[in-house]
Structures are given as structure tokens and as C-alpha cells.
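The values are calculated or read from the model by the stated rules, or taken from the named source; none is laboratory data. In this text, all values refer to a predicted model and were calculated from it rather than measured experimentally. Here the Cβ positions follow ideal geometry from the backbone for every residue, glycine too, while neighbour counts run over all protein chains shown.
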Amino acid sequence: MDNTFSAFIESIKKYFRGVRAEWGKITWPEKNQVVMETIFVIAIVTAFTVAIYAIDIIFKYGLDFIKTLIHNM
């Protein structure tokens, strides 16, 4: 039992040593790039939100108009 536990601990240590080695190979983006991409994502999300809201309003008034046409027949 003790041998299995120590093997388990050693495998965890080996895993984290590998993570540390790979961590050093990562090429991190520049701060300016992160800021610009964040602004771009916020702008796209805002544009889609406004577009979906506009489509929702159009459908609402369109369906209300059809409902009044049917009701007035």
C-alpha cells in the first residue's frame, strides 16, 4: 500500500515538473495585442446584441401589425 502511494506521489511530481517545463515554452501575447483583441470582442458582442434587439423589435411590431389586421377582419 505504501509503495503504491509513493508511486502515486512521484507520478504527480513528474506531471508538475512537465507542466513547469512546458510553461516556459509558451509565447505570451503582448499587452497591446490583448487590449486590442478584448476591445474587438466587446465591439462584436455589442454589435450582435444591438442587431438581435433590432430584429426582436421588428418582429414584435410586425406580429402586432398582423394581429391587428386579423383582428379587424
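Looking only at the range 28-65, count how many residues are acidic (Asp, Glu) and either on the phi > 0 side of the Ramachandran plot or not in a helix (DSSP H, G or I) (or both).
1
State whether one or more residues within the range 50-72 are touching a Pro at 6+ places or on another chain (Cβ under 9 Å) and charged (D, E, K, R).
Checked against the condition, which is being touching a Pro at 6+ places or on another chain (Cβ under 9 Å) and charged (D, E, K, R), the range 50-72 yields no hits at all.
Starting from residues that are modelled with pLDDT under 95 and among the aliphatic types (A, V, I, L, M), keep the ones in the range 38-73 and report whichever is farthest from the chain's Cα centre (by Cα).
For the range 38-73, the residue satisfying everything is MET73.
Return yes when ILE70 is surrounded by 10 or more Cβ atoms within 10 Å (Cβ to Cβ) and assigned to a helix (DSSP H, G or I) and no when it is not.
no
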